[in-house]
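To start, the structure under review is shown below, and the notes come after it.
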Amino acid sequence: MSAVASSTTRSVVRFGRTPRITRHLRKNKRTQLPIPQVPILTRQFAPCRFEDHYHTTVADDAMYMTYIHESGPRPQPRPIRLTYDPSDPYTKNRYNPPVGGQQLGKKPPPPSRPDNVVRLEKISLHSMQKDALSSKSNLLGLIMALRAVTGESYKAGGRHTAEGIELVRGKKSVGGWIRPGVPVGAKVDLKGQAMYDFLDTLVEFVLPRLRDFQGVGLPPQSSSVNSTSAVSGVVSFGLPPQAMALFPQIEVNLDAYPKQYGMHIHFVTNATGVGAQNRARALLSGFQIPFLRK
Amino acid sequence: MLSRNVLTSSRRRPHGAVQTFLRSLATEVSSEPSSSALAPPIRTKRAPRAHITAAVILNRGPVVTRTPSLFERAYYAYQARIRRALHNPFPLDFYFKQGSLLETQFSLEEKKRERRAFGPKFAEEDQFVSKEKAAADKAAADQLALQEGESEDLMPRVHEADASRDYKSLDRKGKRNIYLLLQTTEGGKDIWRFPQGGVEKGELLHQAAQRDLHAECGENMDTWIVSRNPIGVYKEAPLDTASPEPKAEKITFFFKGHIIAGQAKPNPKAISDFAWLTKQEIETRVEKLYWEGIKDILSDY
């Protein structure tokens with residue numbers, strides 16, 4: 001925003017007078033505030049450095065690195081077995097077995113095209129606090145920390161698609177551990193500008209200062225390429241509780257929080273098919289997240 | 001380096017799907033004149049083997065954020081205003097100690113931001129605060145800002161190299177992608193082209209590209225070739241299309257590279273000049289046919 005403020009060529013912040021409200025607006029019963037006739041959403045409100053970096057540099061590089069050359073359209077997939085033909089005297093009175101088998105890890109990636117270059121769709125953070133089982137007020141510190149780190153709050157900016165910070169409740173009953181409906185953690189999904197700003201903070205402030213952090217571990221070379229995680233295009237890792245103190249939003253008043261919280265981070269990309277997770281890792285390494293083979 | 005490690009494992013994919021296709025060049029741009037296509041010369045002999053060259057499009061990415069356009073600025077200002085109107089109240093007592101200097105500074109700055117968003121009449125001076133108190137607050141906040149060095153000017157967004165038109169500086173055009181172009185003499189005339197060189201027997205194309213780049217531009221820079229796949233191909237037009245004798249084709253494969261550190265130091269015997277140029281500047285220097293072959297590879301930003 002500094003560029004916006006500093007350029008004095010033409011003001012863009014004079015909006016004129018507020019229009020008079022002529023139509024009757026319904027009022028919120030609780031707050032007595034008028035309800036606007038259209039949902040008001042806030043979208044991107046400042047230029048985003050990492051998003052620009054993606055479009056100027058990373059997208060091109062990711063396309064070149066992950067490009068697989070194919071000439072012409074792909075052949076039709078091989079039929080899994082001969083189709084059942086009841087007029088054929090051989091199959092006529094035989095059992096027609098259902099087609100089975102796990103197809104998940106066998107799907108090839110979509111053809112390399114400019115519109116499906118790997119890109120970041122959302123970042124999902126979540127954290128479980130075991131002491132929330134004894135008292136749910138123990139979650140307040142975690143919620144405040146997530147709000148500070150991500151800049152999101154409940155229905156922030158009138159948005160309903162992204163719910164801001166959400167409570168996670170138990171689903172199952174496991175003796176001595178969890179009960180259904182009990183709040184045990186918090187999560188938040190970040191998209192767009194908030195997502196890139198979080199990534200920016202993470203790679204500029206947190207990861208370089210994190211002790212004994214060499215990089216996000218890669219699976220061994222021998223691990224399966226057809227597993228669900230390898231073909232889903234999601235890269236996940238965790239941050240230890242010590243990392244929370246390194247976020248500048250929390251560093252300023254660290255002693256206001258009852259304790260430090262770790263979190264799981266999932267980077268969800270649009271990559272699908274065989275090798276999707278590797279393409280997602282290539283994208284993230286373009287954003288300077290280091291990876292390390294142990 | 002890291003991303004290269006990442007990708008080696010991504011190349012492991014099931015056999016069959018791609019390998020069965022016939023190979024052809026990815027983005028083939030033929031620069032032959034269209035007249036030759038109408039009347040192909042009768043080939044008596046087999047054409048000799050094509051002469052293959054590997055070239056590197058060495059890139060320095062943007063180092064300064066783009067200046068938003070007027071429309072973008074207006075859009076951002078409007079969205080910021082809505083956001084400011086709708087946001088949840090800022091928990092002042094959570095972040096600041098009551099009555100602390102930092103809190104005073106923050107409230108003054110916040111008042112300034114609100115006025116900028118909603119107009120000068122929005123946050124009037126508080127009537128319950130005496131003028132002396134307000135002046136003292138302002139003085140204290142200014143003192144604090146001075147201590148923290150907030151009044152220091154930021155670096156200018158336009159570098160000296162832009163003002164002095166220093167085409168060799170890597171600091172020029174900070175908001176744009178710039179590319180390394182070399183000037184050589186070929187066939188008796190000066191031409192501008194990307195760093196390139198031949199491919200030795202048994203050598204892979206991307207390795208040849210890296211070697212040729214260092215052979216032409218010196219060892220004084222740290223570079224990284226992005227991909228093993230060529231990102232473009234350019235076929236040079238034969239010099240005389242009239243002669244029936246088949247000529248060897250000249251094919252140049254382009255690879256993308258990033259300069260990480262250092263600067264190009266070309267050999268003065270072979271290379272007369274070099275320049276770091278944006279896409280638009282490259283168009284004014286290179287030959288028309290060469291431009292047709294490379295224009296879609298270069299970035300508009």
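The values are calculated or read from the model by the stated rules, or taken from the named source; none is laboratory data. Note that the coordinates shown come from a computational prediction; the quantities given were computed from them, not determined experimentally. Positions of Cβ are backbone-derived with ideal geometry, glycine not excepted, and every protein chain shown enters the neighbour counts. Surface accessibility is based on the protein's heavy atoms, side chains included, excluding ligands, DNA and RNA. Shrake-Rupley method; radii C 1.70, N 1.55, O 1.52, S 1.80 Å.
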Checklist line | Unmet criterion (only one of (1) open to solvent by 30 Å² or more (accessible area, probe 1.4 Å); (2) within 26 Å of B:LYS173 (Cβ to Cβ)) for B:CYS217 | finding: (1)
Next item on the list: Determine, yes or no, whether B:ALA145 is over 20 Å from B:GLY293 (Cα atoms), at pLDDT below 90 and open to solvent by less than 80 Å² (accessible area, probe 1.4 Å).
Entry: yes
Next item on the list: Could you please let me know if A:ASN226 is among the polar types (S, T, N, Q), assigned to a loop (DSSP other than H, G, I, E, B) and facing another protein chain (nearest Cβ under 10 Å)?
Entry: yes
Note to self: Which of the numbered conditions does B:GLY257 fail, given that it passes all the others? Conditions: (1) at pLDDT 90 or above; (2) farther than 22 Å from B:PRO62 by Cα.
What the structure shows: (2)
Next item on the list: Please specify each residue of region A:111-140 satisfying the condition of being open to solvent by 60 Å² or more (accessible area, probe 1.4 Å) and either of a type in the set (A, V, I, L, M) or within 14 Å of another protein chain (Cβ to nearest Cβ) (or both).
Entry: A:ARG113, A:PRO114, A:MET128, A:LEU140
Next item on the list: Look at region A:252-284 and say how many of its residues are over 30 Å from A:THR66 (Cα atoms) and touching a Phe, Trp or Tyr at 6+ places or on another chain (Cβ under 8 Å).
Entry: 3
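Please pick out the residue among B:ASP137, B:ASP162, B:ASP171, B:ASP142 that is away from every other protein chain (no Cβ under 13 Å) and in a loop (DSSP other than H, G, I, E, B).
Exactly one of B:ASP137, B:ASP162, B:ASP171, B:ASP142 is away from every other protein chain (no Cβ under 13 Å) and in a loop (DSSP other than H, G, I, E, B), namely B:ASP171.
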Notebook entry, point to check: Inside region A:250-278, can you point out the residues that are open to solvent by 20 Å² or more (accessible area, probe 1.4 Å), out of contact with any Gly (no Cβ under 8 Å at 6 or more places or on another chain) and within 13 Å of chain B (Cβ to nearest Cβ)?
Noted result: A:GLU251, A:VAL252, A:LEU254, A:ASP255, A:ALA256, A:ASN278
Notebook entry, point to check: Can you pull out the residues in region A:225-249 that are under 20 Å from the mean Cα position of the chain (by Cα) and of a type in the set (Ser, Thr, Tyr)?
Noted result: A:THR228, A:SER229, A:SER232, A:SER236
Notebook entry, point to check: Taking interchain pairs and intrachain pairs at least six residues apart, which have beta carbon atoms under 8 angstrom, with the first residue in region B:65-82 and more than 7 Å from chain A (Cβ to nearest Cβ) and under 10 Å from A:ARG43 (Cβ atoms) and the second open to solvent by 60 Å² or more (accessible area, probe 1.4 Å) and not in a helix (DSSP H, G or I)?
Noted result: B:TYR78/A:PHE15
Check: For B:VAL226, are the conditions met, namely being within 14 Å of chain A (Cβ to nearest Cβ) and either open to solvent by less than 60 Å² (accessible area, probe 1.4 Å) or on the phi > 0 side of the Ramachandran plot (or both)?
Finding: yes
Margin query: Cβ-Cβ under 6 Å, sequence separation 6+ or interchain: first residue in region A:231-256 and among the hydroxyl-bearing types (Ser, Thr, Tyr), partner surrounded by 15 or more Cβ atoms within 10 Å (Cβ to Cβ) and part of a strand (DSSP E or B). Which pairs?
Written below: A:SER236/A:HIS266
Item checked: Any chance B:GLY262 is at positive phi, in the same structural domain as B:ASP166 (by TED's automatic domain parsing) and at pLDDT below 90 -> no
Check: What are the residues in region A:96-146 that are assigned to a helix (DSSP H, G or I) and among the acidic types (Asp, Glu), if any?
Finding: A:ASP115, A:ASP131
Next item on the list: Determine if region B:31-41 includes at least one residue that is modelled with pLDDT of 90 or more and closer than 16 Å to B:LYS247 by Cα.
Entry: no
